[in-house]
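The structure appears right after this line, and notes come after that.
The values are calculated or read from the model by the stated rules, or taken from the named source; none is laboratory data. This one's a predicted model, so the numbers in the text were calculated from it and none came from an experiment. Positions of Cβ are backbone-derived with ideal geometry, glycine not excepted, and every protein chain shown enters the neighbour counts.
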Amino acid sequence: MPKVITAFQNLGIDPFENIFLLIDEYHILSNQYVFRNKAVRKLLEIAQNFKEKTYMTAIPLTAEFMLKELKDLPTQKVI
């Protein structure tokens, strides 16, 4: 993610204001949190800076498996 952000910035584009961030299959972040904690936390930290973002997955997560960094975000169930 840092390299992509830098590439946009080098083009004169502010990715945090002008790019919609979609993190698909975010349930994988929960699985990886234990093994790749630093990388997952860094991704979530960077993602907070995006004006518009969505975390999406087709795998329903119960509250107990939701990452603490994402628990306060609004959720939407699509049928």
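Observations on the structure shown:
One line per residue, one yes/no per condition, for (1) in contact with a Leu (Cβ under 7 Å, 6 or more places away or on another chain); (2) among the basic types (Lys, Arg); (3) closer than 16 Å to residue 70 by Cβ:
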| position | (1), (2), (3) |
| --- | --- |
| 4 | no, no, no |
| 32 | no, no, yes |
| 41 | no, yes, yes |
| 47 | yes, no, yes |
| 51 | no, yes, no |
| 56 | yes, no, yes |
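- Within region 35-61, considering residues that are among the basic types (Lys, Arg) and part of a helix (DSSP H, G or I), the one farthest from the chain's Cα centre (by Cα): 38
- Unmet criterion (only one of (1) loosely packed, with under 13 Cβ neighbours inside 10 Å; (2) modelled with pLDDT under 85; (3) under 29 Å from residue 8 (Cα atoms)) for residue 33: (1)
- Among the conditions (1) in a helix (DSSP H, G or I); (2) within 13 Å of the chain's Cα centre (by Cα); (3) under 30 Å from residue 79 (Cα atoms), residue 64 misses just one, which is (2).
- Residue among 62, 54 that is surrounded by 12 or more Cβ atoms within 10 Å (Cβ to Cβ), polar (S, T, N, Q) and without any contact (Cβ under 8 Å) to a residue 40 or more places away in the chain: 54
- If the condition is being part of a loop (DSSP other than H, G, I, E, B) and surrounded by fewer than 14 Cβ atoms within 10 Å (Cβ to Cβ), then region 2-30 contributes 11, 12, 13, 14, 25.
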